[in-house]
1. Only residues that are hydrophobic (A, V, I, L, M, F, W, C), away from the ligand (no atom under 16 Å from the Cβ), outside any strand (DSSP E or B) and open to solvent by less than 70 Å² (accessible area, probe 1.4 Å): list them for the stretch 1-49, please.
2. When you look at Leu458, is it more than 16 Å from the ligand (Cβ to nearest atom), among the aliphatic types (A, V, I, L, M) and farther than 29 Å from Thr137 by Cα, yes or no?
3. Taking into account only those residues within the stretch 326-373 that are aromatic (Phe, Trp, Tyr) and away from the ligand (no atom under 15 Å from the Cβ), which is modelled with the highest pLDDT?
4. More than 16 Å from the ligand (Cβ to nearest atom), at pLDDT below 95 and within 27 Å of Ala342 (Cβ to Cβ), is that true of Glu480?
5. Mind checking which residues of the stretch 415-460 are touching a residue at least 40 places away in the same chain (Cβ under 8 Å) and part of a loop (DSSP other than H, G, I, E, B)?
6. Out of curiosity, is Tyr492 open to solvent by less than 50 Å² (accessible area, probe 1.4 Å) and under 20 Å from Val308 (Cα atoms)?
7. Could you grab me the full set of residues in the stretch 427-444 that are surrounded by fewer than 18 Cβ atoms within 10 Å (Cβ to Cβ) and closer than 10 Å to Val417 by Cβ?
8. Taking the options Trp473, Trp479, name whichever one is of a type in the set (Phe, Trp, Tyr) and under 21 Å from Tyr395 (Cα atoms).
Amino acid sequence: MANEKARYVGAVDQGTTSTRFMVFDHSGNEVAKYQLEHTQIMTRPGWVEHDPIEIWERTSSVIQSGLRQAGLGAEDLAALGITNQRETALVWNKRTGRPYYNAIVWQDTRTDRLAAALDRDERGQTIRRKTGLPPATYFSGGKVQWILENVEGVREAAERGEAVFGTTDSWLVWHLTGGVNGGVHVTDVTNASRTMLMDLETLDWDDELLGIFGIPRSMLPRIEPSSCTAGYGTTTADGPLGGQVPLTGILGDQQAAMVGQVCFEPGMAKNTYGTGNFMLLNTGNELVRSKAGLLTTVCYRFNDEAPVYALEGSIAVTGSAVQWLRDQLGIISGAAESENLARQVEDSGGCYFVPAFSGLFAPYWRSDARGAIVGLSRYNTNAHIARATLESICYQSRDVTEAMREDSGVAVEVLKVDGGITANRLCMQLQADVLGVPVSKPVVAETTALGAAYAAGLAVGFWKDTAELTANWNEGERWEPSWSEQQRTDGYAGWKKAVQRTLDWVDVD
Ligand code: ADP
């Protein structure tokens, strides 16, 4: 079904702050890229929403502009892959195409009491055992429940089979394959594994879990593999691609980065630095249950092969702490300036910033935590705060690598990195210093979009196998640790103390 002569594969990366469309050639090189931001809607403390219509419009625009700039058309694409911000939940009417409510973003904490209540009885254990996830505001299930309970008419419409749920991959695939005119309602197994509704072993929606959240099965998308030779559907000629392209890859953004970083062997790990940070470790076909505060998740599933699992350390706030310096404190005018400001000082002057804006995710999972800057003295300046912000990104990543070592016995020897913050060379140097291992960034740093393209291209034979993809990976930059062992130990001990200061702040009981 592929466009036989096509020389490229396209990918849509629907992220938390922006949506981009990219086109890659057979060597994994970037041929086209177009990106647009969308509005972050924050009407109350802890609430974060996106307008689904805006997301679809931005997606259409980036596809059209990306193709136009590169002088390409649908016929040039062998396949299209989608990758997306995970867990962000929306419910829409499949007859009218209208969303019932804004998409509730993964960072949104409105379900904190609900999550805490689940964790107080055996429902929490059931969720952990079946899904590999702790009950938390982060995952989609509670967000869908909130919409069902708080938006009028949704439950009745869901029971009639009209109101459907999806993460943004489902929303985009539905639109791209025709929308109200026969659009398909699917998701992939990696996105489904973030809902608290899918059993990690059966890879199907689980009735007991659906019962816990009061979600009718009829609302849910069909769960498909991440790379699907049969295809989820085909883009329509009247859509933004202007022609038919097989849609054959869907991966949650962090899993897509694993594929883009070619982490196909057990023991391979990557860390993605975006709005939040997400480190994943491939554990092969084995489902490793975490004791140290990591998530167990599906890494990818190619067609009907056995699923590959991963351990994941999710960190809610890293790049968004840099955005906070820009938008809320106004001490920098752009994210890149955080580097110049932080370089004005040699160290953080004894201060630590724990950006627990949405509570703390891995490995703590404390929705009662809130952000704190500690260790301040009159000596400290904006530059120390900027430096402490970059260090917080690195220390949170260290917390996760410690947990990974505890759970799997695997110590990361070289950390593969990608994502927006990796443009910050000081931050990457600090990461090598804080961890005591080298940090390595590939030439093609857009690993998320690349991973989605890889999944889609593998499905149609554009790439033969994963070995072909592995051959495409090349190191672009590397940072070696420069701190002494003592500096590293003292710095981390200070961080652990700072984290303690943020706990027990909000009353979620
Ligand atoms: P996402 O896919 O989550 O939207 P990106 O990978 O595009 O994220 O990264 C964007 C994030 O990276 C933003 O939060 C931004 O503040 C941060 N960022 C981008 N460039 C820099 C930089 N040079 N230094 C520090 N942070 C940066």
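The values are calculated or read from the model by the stated rules, or taken from the named source; none is laboratory data. This structure is a prediction, so every number in the text was calculated from the model and none was measured. Virtual Cβ from ideal backbone geometry, glycine too; neighbours counted across all protein chains shown. Just so you know, the surface numbers come from the protein's heavy atoms only, side chains and all, with ligands and any DNA or RNA stripped out. Shrake-Rupley method; radii C 1.70, N 1.55, O 1.52, S 1.80 Å.
1. Result: Ala2, Ala6, Trp47.
2. Yes; evaluated as a whole, the condition is true for this residue.
3. Narrowing the stretch 326-373 to residues aromatic (Phe, Trp, Tyr): 352-353, 357, 361, 364-365.
Cutting the leftovers down to away from the ligand (no atom under 15 Å from the Cβ) gives us 352, 364-365.
Details: Tyr352: 98, Tyr364: 94, Trp365: 88.
Among residues in the stretch 326-373 that are aromatic (Phe, Trp, Tyr) and away from the ligand (no atom under 15 Å from the Cβ), the one modelled with the highest pLDDT is Tyr352.
4. Numbers: more than 16 Å from the ligand (Cβ to nearest atom): yes; at pLDDT below 95: no; within 27 Å of Ala342 (Cβ to Cβ): yes.
Against the criterion (more than 16 Å from the ligand (Cβ to nearest atom), at pLDDT below 95 and within 27 Å of Ala342 (Cβ to Cβ)), Glu480 does not qualify.
5. The initial filter retains those residues of the stretch 415-460 that are touching a residue at least 40 places away in the same chain (Cβ under 8 Å), namely 415-439, 442, 444, 446-460.
Once the filter is applied, which keeps residues that are touching a residue at least 40 places away in the same chain (Cβ under 8 Å) and part of a loop (DSSP other than H, G, I, E, B), the stretch 415-460 yields Gly419, Asn424, Gly436, Val437, Pro438, Val444, Glu446, Val460.
6. On the way: open to solvent by less than 50 Å² (accessible area, probe 1.4 Å): yes; under 20 Å from Val308 (Cα atoms): no.
In short, no.
7. Result: no residue meets the conditions.
8. Trp479
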